[in-house]
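Remarks on the structure that follows.
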Amino acid sequence: MILTQDLTNPLSFKNEETTIFNIQDYCVDDGTGIRTVVFFKGCYLQCIWCSNPESQLFEPEIFYSEIKCKRCRKCEKACTYSSIDFSNLECPIINRKKCSICESKICTQVCPENALRTVGYSISVLDLFERVKKNSLLFRNSGGGITLSGGEPLAHTDFIREFLKKTMAIGFSVGIETCGFFDWRKVADFIQKIDFFFFDLKIMDAKLHKELTGVNNEKIHMNLKKLSQIDVNKITISVPIIPRINDDLENIKKTINFCTELGIKKIRFLKYHEWGKGKYEELGRQYSLKIHSESQENGLRTFETLAREAGLQVNII
Amino acid sequence: MTESLTFEPREIIKQPSTERIRHLRDQYLSEPLMIDPEYIYGYMEAHRKTDGMNVLERRAECHAYALENLTPVIRDNELIVGSKTRFVRGAIPYCNYASDFILKIFEEKQQEAQDSVTDLGDGGGIAKGRELAQSEDLDIFSHKFLISKKDKDNLKECAEYFKGKSMQDVGDALWKTTFSAADYIEKGWEAVLYTAPHDPAPEGRYVLDFETALNEGFQKIIEKMKKNILKTQITDYKSAEKVYFWKAGIRVLEATITWANNYANEAERLAQTEMDPKRKQELLTIAGHCKWVPENPPRNFIEAMQAFWFIYLAGHIEGAHLGYSPGRFDRYMYPFYKEDTQISEDEVLELLEALRIKMTEIEYVASFSWEGLGSGNLFQNMIIGGTDENGRRGDNELSMLILQSAINCQTTQPTLSIWYDDSLSEEFLLKAVECVKTGCGFPAWFNLKIYIQHELQTSGLPVPVIRKYAAMGGCTEPTMEGMSYGIVQAGFINHGKLLELAMYGGKDPRTDLQFTETKIPRSYEELIKVYKIHLETAIQNWQSYWNIVMAAHRQTCNLIYSSVLIRDCVERGLSLDDGGAICNEVPTTLSSGMVNVANSLAAVKRLVEDQKLFTMAEVMEACKNNFENNDDMRRKALDAPKWGNDDDDVDEIFVDLFDTYCEFVKNGINYLGKPYDPSMLAISTHTPFGKVTGATPDGRLAEIPLCDGVTSPFPGTDVNGPVAAILSAAKVDHTKIRGGLHNMKFHPVTLKGILGSKKLISLIKTYFDYLGFQLQFNVVHTEMLRDAQNNPDKYRDLIVRVAGFSAFFVELSKSIQDQIIERTELEL
């Protein structure tokens, strides 16, 4: 039994809180007009090419910039969990496991160079609503709105449900960028209120999907089917093109076929970039994907033609 | 390009539309910067012969004689002719304005107290010049120019002749002996509370009445003045001065016609020996144009272009200009375009591209420190779009071609600006964004609505008049085309230094000079109070000083030619310096660096007043020691609220400072009897101003440049993105000031395609709906700029915006380049 709520009933509002890691204004590729994108923290997938590695864990984390750090060791002294070790100045060690249970993140407050920063913070629905409302005129002039992204926004359903109550009351457009891996029962009562979806189809092959993202794609496909039964026109399939991972013709053909079977009309291919690489280093992690930068243009043109021939609207960004 | 770097290509890259323009552009790019004393030598000869003449007539005679005797230079491929000097890139050393700095260059002495904090560029044509100096018989002059041995002797003679006679010397002799705060001004220069004396290039910031000059022709204006003389009975000093003024006006206009005719003769002479029949015909056509205009109204578009150039250039030659501008070119030139059924669009485009090169050829030589401030830019601002007198859209086919010419022919001058109004056509707005996407740094966008409100509050002109003639005189200062007084300011006031004076009892910590003594502040409230005392004093003294210099200007360098071409000087029989213009409310008082003061006050409020973490004395001590061994305080200072993040805790402080500044400035009366007008811009002042300013409570370390722009955030502190930055900027009442500027830097991918363009337009519209005044964009890639720094040759034509103007990136100083690179790149 699915519990449905009346989203328009102001009495039912609850000021939920959740963790996000960024609010970015003036976004131009995340839906119609100029959009403010809210990046939720936490994702069920761990794609090895992820350009937002800080979006994967649900808890706040620490960014450490080796370049900014002057090795003053103030953080080392301040840390209550003894998780920072500067005994080798060339290569300081931060014990991230211990950091994840630390709530104060005191090290980031004592660092004079801002070399240590907390990524991720808690925000309430009302605060987020006030924050995005600053863009009202820009939304009005450009036909834009808010896009919920992440991480996986649909891992924060209690928050989003309450947030929608606020945005719907003033007619703000809200879209969602999702990896598709979420619990349908938790979204069923509000999903039809979302204006559009960018829905990722990363790899069609089940085994490979599991291997490179950490989860099965079965649930993702099920969710897409359900979503397309609500309104296919709201869906744009998003395919990040990762060289030698999913840029083979077979995968793209399967993706396109899947779309057409469901009656989906729009697809976008996202060019690969490595701009997230630096963030891995700051999180003390390795960017395991080794890619020789080569032109993707030819492949993308082919995919574009294929999708067009299948009757899809295509966008490459 | 370094192979390891992968650049996101600039979306729009174009080349000049014809072989002819490519040739002219390449020639320009390969030329060194030259000093040409020919004009000033002629001026001196006339000056020698005219001792005792009425000052207006004498000024006219000297300019007229010098102009008539300039060598007419017509270069291969040129269609529009007329050159300020004999060289492609030439500057006139105006000894009549200031000769002292030129003599000091000859003596290889430091010119100003501020030279040591000035930083100049040294790439491009400047590097080329140094190379040439070694191989040919040329000397380096004032760091970046070349001069021949013979010209050098002539220049020396001029500079020595004008010693004691130049505007600067005459002014100095007056204010240094009669002004009670004279020592404050001199200390102000030494401490760099003020920019160095502006005497070597004080003119500009106005637009001639091209409409009348083109449509009536000079002959008609001469006749008007002749009639006025006949009608006037001399009964007193004032009526006599009127007659002198008209006589002077007739002399300069006739000389300008002669000067144009010299070009006609030169074209005919060249035609005689020209072997190429096509070029021969072109030269004969050019001769025909030069005989006809500017004496008579142009008969077709190409003649109108030639007429415009003569009218414009003659004014540029008369005075030592910065910010002298062509105004609403697409409005007053449009009738000629529309009525000319013979000329094709391609031909018009070629002429517009040629005009860009002509305007870029002009160089100026000022004192060393002023060149550092202006980075060699002449601030010729062509503003297009806007509305007509009834508020209907002002863009037309010619506006589109002007934008296209700037896209095709990427030169630094003229800077293009857009008067934004919602009525502008979609095509025009998109074309303007296309130009932004070339990465050249323009057009800059200005909110017409705001300026109309400003002008209503100052001059009170009728709204239809403001709409029609609103223009830009210089980088970001609006003015009324063809009806406003020029020379608008003495230089800049350094807000960072004022803050230091406030903190340290009126004593400058760098030079130990004592200014007005004030109590050492013990609290946030006291700090604000003493800051405002210093602000008011610095403004008052600066304004009083400049009024005295202007008295000397009237005696020595009053602009006669420009007076004749500014309404209503001819009708009133008054020169510009005697109040002949319709608008005399334009002189401004300028300042830069207010953002750092607001951020500093916000930090003091947070740390001393609210959180009581430190005492005022501790904060000042830490600043004195450049936060050494005080990382903790600096970190907390950096974390305090910063302007540009839509944070009322600091934004309200900024707004209060802004309002106070405007009020103080308006309390002063300018030399034409009207209140001074507040304005703020930066050009490159933020670098030397920062260099002399110790650490500030906002966490900024000593010697770091102050904030560029007026409302743009301090680099690195706008952590909330572009929208928050404009929301902060929109909090000030921009109608109070003449000018203002807000920089934004975009990565090319952000603006891709038509949708990207439309989104940028939405952003501009949104800021202007919030009553913001100005926006300008850098569309670059950080790595691209770094590469340009290391490999200037590969980026010879790369243009980048630096606070209010464009310049060739490789010719900017290292520290300015660094700032462009460091400016917070708007996140993707």
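The values are calculated or read from the model by the stated rules, or taken from the named source; none is laboratory data. No experiment lies behind these values; they were computed from the predicted model shown. FYI the Cβ positions are ideal-geometry reconstructions off the backbone, even for glycines, and counts take in every protein chain you see. For the accessible areas, the whole protein counts, side chains as well, though only heavy atoms, and no ligand, DNA or RNA atoms are used. Shrake-Rupley method; radii C 1.70, N 1.55, O 1.52, S 1.80 Å.
Restricting attention to the range B:362-393, which residues are over 13 Å from the mean Cα position of the chain (by Cα) and either at pLDDT 95 or above or within 24 Å of B:Lys468 (Cα to Cα) (or both)? The answer is B:Ile383, B:Ile384, B:Gly385, B:Gly386, B:Thr387, B:Asp388, B:Glu389, B:Asn390, B:Gly391, B:Arg392, B:Arg393. Just one of the listed residues (A:Leu128, A:Leu138, A:Leu116, A:Leu154) is within 30 Å of A:Trp184 (Cα to Cα), touching a Ser or Thr at 6+ places or on another chain (Cβ under 7 Å) and of a type outside the set (Ser, Thr, Tyr), and it is A:Leu154. When B:Asp139, B:Asp169 are screened for being in a strand (DSSP E or B), open to solvent by less than 60 Å² (accessible area, probe 1.4 Å) and farther than 30 Å from B:Pro294 by Cβ, only B:Asp139 passes.
Every residue, every condition in (1) at pLDDT 95 or above; (2) part of a helix (DSSP H, G or I); (3) open to solvent by less than 50 Å² (accessible area, probe 1.4 Å); (4) more than 19 Å from B:Val73 (Cβ to Cβ), yes or no:
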| site | (1), (2), (3), (4) |
| --- | --- |
| B:Lys278 | yes, yes, no, yes |
| B:Gln281 | yes, yes, no, yes |
| B:Thr285 | yes, yes, no, no |
| B:Gly288 | yes, yes, yes, no |
| B:Asn296 | yes, no, yes, yes |
| B:Ile302 | yes, yes, yes, yes |
| B:Trp309 | yes, yes, yes, no |
| B:Leu313 | yes, yes, yes, no |
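Residues in the range B:530-552: is at least one farther than 30 Å from B:His686 by Cβ and in contact with a helix residue (DSSP H, G or I) (Cβ under 8 Å, 6 or more places away or on another chain)? Within the range B:530-552, one or more residues are farther than 30 Å from B:His686 by Cβ and in contact with a helix residue (DSSP H, G or I) (Cβ under 8 Å, 6 or more places away or on another chain). Contact list please: Cβ distance under 9 Å, first residue in the range B:737-761 and within 21 Å of A:Arg140 (Cα to Cα), second residue open to solvent by less than 20 Å² (accessible area, probe 1.4 Å) and of a type in the set (Phe, Trp, Tyr), pairs at least six apart or on different chains. Pairs found: B:Thr750/A:Tyr26; B:Leu751/B:Phe777; B:Lys759/A:Tyr26; B:Leu760/B:Phe746; B:Leu760/B:Phe777.
Filtering the range A:105-117 to residues that are touching a Phe, Trp or Tyr at 6+ places or on another chain (Cβ under 6 Å) and open to solvent by 20 Å² or more (accessible area, probe 1.4 Å) leaves only A:Arg117. In the set (1) open to solvent by 40 Å² or more (accessible area, probe 1.4 Å); (2) touching a strand residue (DSSP E or B) at 6+ places or on another chain (Cβ under 6 Å), A:Phe269 fails one condition alone, (1).
Taking A:Phe199, is it in contact (Cβ under 8 Å) with a residue 24 or more places away in the chain and either small (Gly, Ala, Ser) or buried (at least 21 other Cβ atoms within 10 Å of the Cβ) (or both)? Taking the combined requirement at face value, the residue satisfies it. With a requirement of 2 or more residues that are at pLDDT 90 or above, open to solvent by less than 70 Å² (accessible area, probe 1.4 Å) and more than 14 Å from every other protein chain (Cβ to nearest Cβ), the strands (runs of 3 or more DSSP E) lying completely within the range A:9-92 that satisfy it span A:17-27, A:61-64. Taking the criterion of being touching a residue at least 24 places away in the same chain (Cβ under 8 Å) and either touching a Lys or Arg at 6+ places or on another chain (Cβ under 8 Å) or exposed (fewer than 15 other Cβ atoms within 10 Å of the Cβ) (or both), the residues of the range A:228-241 that qualify are A:Ile230, A:Asp231, A:Val232, A:Asn233, A:Ile235, A:Thr236, A:Ile237, A:Ser238, A:Val239, A:Pro240, A:Ile241. The helices (runs of 4 or more DSSP H) found wholly in the range B:522-581 and carrying at least 2 residues that are open to solvent by 10 Å² or more (accessible area, probe 1.4 Å) occupy B:524-556, B:569-572. Among residues of the range B:329-343 being assigned to a loop (DSSP other than H, G, I, E, B) and touching a helix residue (DSSP H, G or I) at 6+ places or on another chain (Cβ under 7 Å), the one that is least open to solvent (accessible area, probe 1.4 Å) is B:Met333. Which condition does B:Asn630 not pass, out of (1) closer than 26 Å to B:Phe492 by Cα; (2) out of contact with any Pro (no Cβ under 6 Å at 6 or more places or on another chain); (3) of a type in the set (S, T, N, Q), if it passes all the others? It is condition (1) that B:Asn630 fails. Taken over the range B:379-394, the residue count meeting the criterion of being touching an Asp or Glu at 6+ places or on another chain (Cβ under 8 Å), open to solvent by less than 10 Å² (accessible area, probe 1.4 Å) and in a loop (DSSP other than H, G, I, E, B) is 1. (1) assigned to a loop (DSSP other than H, G, I, E, B); (2) closer than 30 Å to B:Arg634 by Cβ; (3) more than 14 Å from chain B (Cβ to nearest Cβ): which one isn't true of A:Phe181, the others all being true? Of the numbered conditions (1) assigned to a loop (DSSP other than H, G, I, E, B); (2) closer than 30 Å to B:Arg634 by Cβ; (3) more than 14 Å from chain B (Cβ to nearest Cβ), the odd one out for A:Phe181 is (2). The residue pairs whose first member lies in the range B:664-678 and is open to solvent by less than 10 Å² (accessible area, probe 1.4 Å), whose second member is among the charged types (D, E, K, R) and assigned to a helix (DSSP H, G or I), and whose beta carbons are closer than 8 Å, counting only pairs six or more residues apart or on different chains, are B:Tyr676/B:Lys666; B:Asp677/B:Lys666; B:Pro678/B:Lys666; B:Pro678/B:Lys736.
Checking the stated criteria, B:Arg251 turns out to be under 30 Å from the mean Cα position of the chain (by Cα) and open to solvent by 10 Å² or more (accessible area, probe 1.4 Å). Within the range A:93-117, if we keep just the residues that are away from every other protein chain (no Cβ under 14 Å) and of a type in the set (Ser, Thr, Tyr), the residue that is nearest to the chain's Cα centre (by Cα) turns out to be A:Ser100.
Where helices (runs of 4 or more DSSP H) sit wholly within the range B:589-690, those with at least 2 residues that are within 21 Å of B:Leu741 (Cα to Cα) and either modelled with pLDDT of 95 or more or within 14 Å of chain A (Cβ to nearest Cβ) (or both) occupy B:594-604, B:648-667. The set of residues in the range B:459-484 that are open to solvent by 10 Å² or more (accessible area, probe 1.4 Å), over 21 Å from the mean Cα position of the chain (by Cα) and closer than 17 Å to B:Phe329 by Cα comprises B:Val465, B:Arg467, B:Lys468.
Selection of the range A:118-155 for residues being outside any strand (DSSP E or B), among the small types (Gly, Ala, Ser), more than 9 Å from every other protein chain (Cβ to nearest Cβ) and surrounded by 20 or more Cβ atoms within 10 Å (Cβ to Cβ) yields A:Gly120, A:Gly150, A:Gly151, A:Ala155. Of the numbered criteria (1) at pLDDT below 95; (2) surrounded by fewer than 24 Cβ atoms within 10 Å (Cβ to Cβ); (3) more than 14 Å from chain A (Cβ to nearest Cβ), the one B:Ala702 fails is (1).
Pairs are defined by a Cβ separation below 7 Å, a sequence spacing of at least 6 or placement on different chains, a first member in the range B:630-649 that is more than 16 Å from B:Thr711 (Cβ to Cβ) and touching a residue at least 12 places away in the same chain (Cβ under 8 Å), and a second member that is open to solvent by 50 Å² or more (accessible area, probe 1.4 Å) and in a helix (DSSP H, G or I); the pairs so defined are B:Ala640/B:Arg606.
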